[in-house]
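Just below is one structure, and these are the notes that go with it.
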Amino acid sequence: METGGVSPQPSVQQPLGSGAGKAPEDDGGGGKGSVDGDATSGNPYARLVDDLRAAWLSGKTRPMEYRMAQLEALGRFLDEKKQDILDATALDMGKPPFEAEFSEILLCKNELHETLNNLSHWVKDENVDKTLVTQLDSAFIRKDPYGVVLIIAPWNYPVNLLVGPLVGAIAAGNCVIVKPSEMTKNTEKLMAEVLPSYLDKDCFAVVTGGVQETTRLLENKFDYIFYTGSPSVGRIIMTAAAQHLTPVTLELGGKNPCYVSDSCDVQNVARRVAWGRFFNAGQTCIAPDYVLCSVVMQEKLLPALRKAIDEFYGPNPQESPDFGRIVGDKQFQRVQELMRSGRVVIGGQTVEKERYIAPTVLVDLQPSDPIMQEEIFGPILPFVIVANVDEAIDFINSRERPLVVYAFSSDDKVVNQVLERTSSGGFCGNDTLMHVTLTSLPFGGIGSSGHGMYHGKFTFDTFTHHRGCLHRSMGREALNALRYPPYSPQKLGIVRAASEVKRKGACTLL
Ligand code: NAD
């Protein structure tokens, strides 16, 4: 297996469709691997951003037919390059083909089809309520594209988390720069070399590179930035965006609690938790990060988890074709370090040269242990003991707000109690990960797990400026005269009556 490299590669920018490997110096910048040197602005990406802005201002991306054609082309990329995607993600992180097809292709195609099926409705002007004064006018919300938008993607679902937002950005009529993660080299290469041949090079571009390149890219003014990644880098993105007052969506991570009540079907819970935790070798932003349950439930869940892991991956998960690998050496070391907390009761084996970490369960943990302080992002499931649901809720509420809260119970009241008394980006009762499969649900974080939301229509809305428009008639000036000076109490009375929004149900006798 090839290691997902961590060293920054020479910066590459390319308009989609123009072929791969065009470095900044081709546009007048510095040498290959360098990110400085544009003759006019000093920024190697300035010309690219300018070109995309010119294309956007030309109106090329606005017609429905154009957007639909680009989206259909994106669909062809997913269909025709399916095997290349499976191969690239397998090389990058040993992603099992089933998991890759489900998470990288099927979910993206769902987003695409949802958008193609509904775009003609979503783009329409929305007429809104009017006052007496504006009754004869036209008041509507125009669905305007933002302009030139930047999408920065992470490595854990390197196709899905790049193509998913791209669907909405194209649908909304924007020009787009996508920046895949430099960690997953094979997928990055595929995106840079193959995706371009499917889309309009005047309006869509791939920029590759790591921290240095992304830092320079972010110096440019974008009209929207959509970032998926860690909270620490999220702060850097938001700071860069603030320089230009650019709005952002931040899809971040954190620790997702998974409460299991004493009343549940233990084996079903074990299977659903194990699937969510060990899918993609635990490198999923919405994976259940730790289990909260009573001592009694822990004693029942441990053998059930052992059984589930054995059913899923056989007696030696290292040999299973259905269990992935850690993306890089640095990440491997980090996750291995976290395993020093508590006591290993299932798994615990590691093989450094393969970046293999067995599905692992830990017990006897303290909330202050390192593994309980940071997002695990690996195939390790720690247990934290709580006396009851109230204590679980207090534990959850004493920490940063997670991307998702999971609650398992045969008693719906318990699930609803956890839902009502906690706050998180999303929620899933009696299962893990499955809420992300619905294009009808908004997906996003809250607080340190993120800002903004997407999926389905929410992605279109994210990349759309909802422009409030009022189009009045040139005549009827007698009516307008009532609001002009010289003012009088009589005029104010009429203006109030004609423009007031009345409180519904209020007693009018008083
Ligand atoms: P990361 O933040 O290290 O990198 C993400 C992107 O940011 C990459 O493209 C990278 O090149 C770029 N980047 C990294 N450092 C940068 C810097 N200093 N300046 C500018 N750009 C920089 O994240 P990652 O390791 O790729 O992904 C893991 C994190 O992403 C986890 O925290 C996970 O929870 C989170 N995540 C969240 C979601 C979600 O939908 N909320 C989905 C997947 C992953």
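From the protein chains alone at 1.4 Å, what is the descending order of accessible area for Leu132, Leu338, largest first? Provide the component values of the computation, followed by the final result.
On the way: Leu132 125, Leu338 5 Å².
Ranking Leu132, Leu338 by accessible area, largest first, yields Leu132, Leu338.
Excluding ligands and nucleic acids, what accessible area in Å² is computed for Glu319 using a 1.4 Å probe, to the nearest 10?
140
Rank these residues by their accessible area, most exposed first, probe 1.4 Å: Met474, Met339. Mind showing how you got there, number by number?
Details: Met474 185, Met339 25 Å².
If we order Met474, Met339 from most to least accessible, we get Met474, Met339.
Over its Cα atoms, what ratio of radius of gyration to 2.2 N^0.38 Å does region 257-444 give? If you can, show how the numbers build up before the last one.
Values: Rg = 15.5 Å, N = 188, 2.2 N^0.38 = 16.1 Å.
Ratio of Rg to 2.2 N^0.38 Å for region 257-444: 0.96.
May I ask you to work out the translational diffusion coefficient for region 324-434 at 4 °C, viscosity 1.567 mPa s, via Stokes-Einstein with Rh from the Kirkwood sum over Cα pairs, reported in whole µm²/s?
Values: Rh = 15.4 Å.
The calculation lands on 84 µm²/s.
To two decimal places, what compactness ratio does region 197-354 give when its Cα radius of gyration is scaled by 2.2 N^0.38 Å? Intermediate values should be presented prior to the final figure.
On the way: Rg = 20.6 Å, N = 158, 2.2 N^0.38 = 15.1 Å.
Cα-based Rg divided by the globular estimate yields 1.36.
Using +1 at the C-beta of Lys and Arg and -1 at the C-beta of Asp and Glu, which of Pro154, Ile380, Ile446 has the Cα lying farthest in the positive direction of the dipole of the chain?
Looking along the dipole axis, the top candidate is Ile446.
Could you report the accessible area of Ser58 in Å², rounded to 10, computed with a 1.4 Å probe on the protein chains as they sit in the structure?
Taking all protein chains as shown, Ser58 has close to 80 Å².
At 0.36 nm per residue, minus the direct Cα-Cα distance, what do Leu441 and Asn480 gain on full extension? Give it in nm, one decimal, please.
Working: separation 39, 0.36 × 39 = 14.04 nm, distance 4.44 nm.
Working it through step by step, the gained length comes to 9.6 nm.
Average projected area of the Cα convex hull of region 47-168, in nm²? Kindly include the intermediate steps, with their values, before the conclusion.
Working: hull surface 41.3 nm².
Over all viewing directions, region 47-168 projects a mean Cα-hull area of 10.3 nm².
Could you work out the relative contact order of the chain, using alpha carbon pairs under 8 angstrom and six or more residues apart, expressed as a whole percent? Each step should come with its number before you reach the end.
Values: 1056 pairs, mean separation 91.5, N = 510.
Relative contact order comes out at 18 percent.
So how strong a dipole does region 287-387 carry about its Cα centre when Lys and Arg Cβ are +1 and Asp and Glu Cβ are -1, to the nearest 20 debye?
On the way: 10 positive and 14 negative charges, 19 e Å.
For region 287-387, the charge dipole is close to 100 debye.
So how far apart, in nm, are the two label points at Gln373 and Asp50 if each is 7 Å from Cα heading toward Cβ?
For the pair Gln373/Asp50, the computed spacing is 4.8 nm.
For the pairs Lys60/Lys221; Lys185/Lys457; Lys95/Lys255, note any where the Cα-Cα span goes beyond 25 Å. All intermediate terms of the calculation are to be shown ahead of the outcome.
Details: Lys60/Lys221 20 Å; Lys185/Lys457 31 Å; Lys95/Lys255 22 Å.
Long pairs (Cα-Cα over 25 Å): Lys185/Lys457.
I'd like the Karplus ³J(HN,Hα) series for region 82-89: coefficients 6.51, -1.76, 1.60, θ = phi - 60°, whole numbers in Hz, and an x wherever there's a Gly or Pro.
3, 5, 5, 5, 4, 5, 5, 6
Any chance you could list the semi-axes, whole Å, largest first, of the equivalent ellipsoid that the Cα gyration tensor gives for region 190-245, using √(5λ)?
Gyration-tensor ellipsoid for region 190-245: 23, 14, 10 Å.
Give the aspartates and glutamates whose C-alpha is closer than 14 Å to that of Lys491, dropping any in the same chain fewer than 8 places away, or say none.
Those aspartates and glutamates meeting the cut-off are Glu500.
Nearest 10 degrees is fine. How inclined is helix 46-57 to the longest principal axis of the chain, computing both from alpha carbons?
In the chain, helix 46-57 runs at an angle near 50 degrees to the longest axis.
Looking at Pro288, Gly173, Leu217, which one has the Cα that reaches farthest to the positive end of the dipole of the chain (charges on Cβ: Lys, Arg +1; Asp, Glu -1)?
Gly173
Might you report the magnitude of the Cβ-based charge dipole of the chain about its Cα centre, with Lys and Arg at +1 and Asp and Glu at -1, to the nearest 20 debye?
Numbers: 51 positive and 61 negative charges, 365 e Å.
Roughly 1760 debye, rounded to the nearest 20.
Determine ³J(HN,Hα), in whole Hz, for all residues of region 458-468 in sequence, where each value follows from phi through the Karplus function 6.51 cos²θ - 1.76 cosθ + 1.60 and θ = phi - 60°; x replaces Gly and Pro.
Each residue's phi maps through the Karplus curve to give 5, 5, 4, 5, 4, 8, 10, 8, 7, 8, x Hz.
Quick one: work out the % antiparallel among DSSP beta bridges in the chain, nearest 5.
Values: 22 of 54 bridges.
Given both bridge residues lie in the chain, the antiparallel proportion sits at roughly 40 percent.
Report relative contact order for region 257-444 in percent, whole number only (criteria: Cα-Cα under 8 Å, sequence separation at least 6).
Working: 336 pairs, mean separation 53.0, N = 188.
Contact order relative to length: 28 percent.
Compute, for region 257-444, the length of the dipole vector about the Cα centre, with Cβ point charges of +1 (Lys, Arg) and -1 (Asp, Glu) only. Units Debye, rounded to 20.
Working: 17 positive and 24 negative charges, 70 e Å.
Rounded to the nearest 20 debye, it is 340 debye.
Of all beta bridges DSSP finds with both residues in region 257-444, what is the antiparallel percent, to the nearest 5?
Working: 5 of 21 bridges.
Within region 257-444, antiparallel bridges account for around 25 percent of the total.
Relative contact order for region 346-461: what is it in percent, counting Cα pairs under 8 Å that are at least 6 residues apart?
On the way: 159 pairs, mean separation 19.7, N = 116.
Rounded, it is 17 percent for region 346-461.
State whether region 291-371 is rounded, prolate or oblate according to the following rule on the C-alpha gyration tensor (a ≥ b ≥ c being the square roots of its eigenvalues): a/c under 1.5 gives rounded; otherwise a/b larger than b/c gives prolate, and the remaining case gives oblate. Could the numbers behind the result be given before it?
Values: a/c = 2.79, a/b = 1.20, b/c = 2.32.
Oblate, since a/c reaches 1.5 and b/c is not below a/b.
Does region 407-475 come out rounded, prolate or oblate, given a ≥ b ≥ c as the square roots of the eigenvalues of its C-alpha gyration tensor, rounded meaning a/c under 1.5 and, failing that, prolate meaning a/b above b/c?
Details: a/c = 2.97, a/b = 2.58, b/c = 1.15.
Because a/c hits 1.5 or more and a/b exceeds b/c, region 407-475 counts as prolate.
Got a number for the accessible area of Trp275? Probe 1.4 Å, square angstrom, nearest 10.
70
Give the cross-link partners of Lys353 among the aspartates and glutamates, using a straight C-alpha distance below 19 Å as the criterion and excluding same-chain residues fewer than 8 apart.
In chain and number order, the partners are Glu2, Asp92, Glu319, Asp322, Asp329, Glu337.
Let a ≥ b ≥ c be the square roots of the eigenvalues of the Cα gyration tensor of the chain; is it rounded (a/c under 1.5), or, if not, prolate (a/b larger than b/c) or oblate? List each step's numbers first, then the result.
On the way: a/c = 2.26, a/b = 1.30, b/c = 1.74.
Here the chain falls in the oblate category.
The values are calculated or read from the model by the stated rules, or taken from the named source; none is laboratory data. If you're wondering where the values come from, they're calculated on a predicted model, not measured in any experiment. Note that each Cβ is placed from the backbone with ideal geometry, even for glycine, and that neighbours are counted across all protein chains shown. Just the protein is used for accessible areas: all its heavy atoms, side chains included, with ligands, DNA and RNA removed. Shrake-Rupley method; radii C 1.70, N 1.55, O 1.52, S 1.80 Å.
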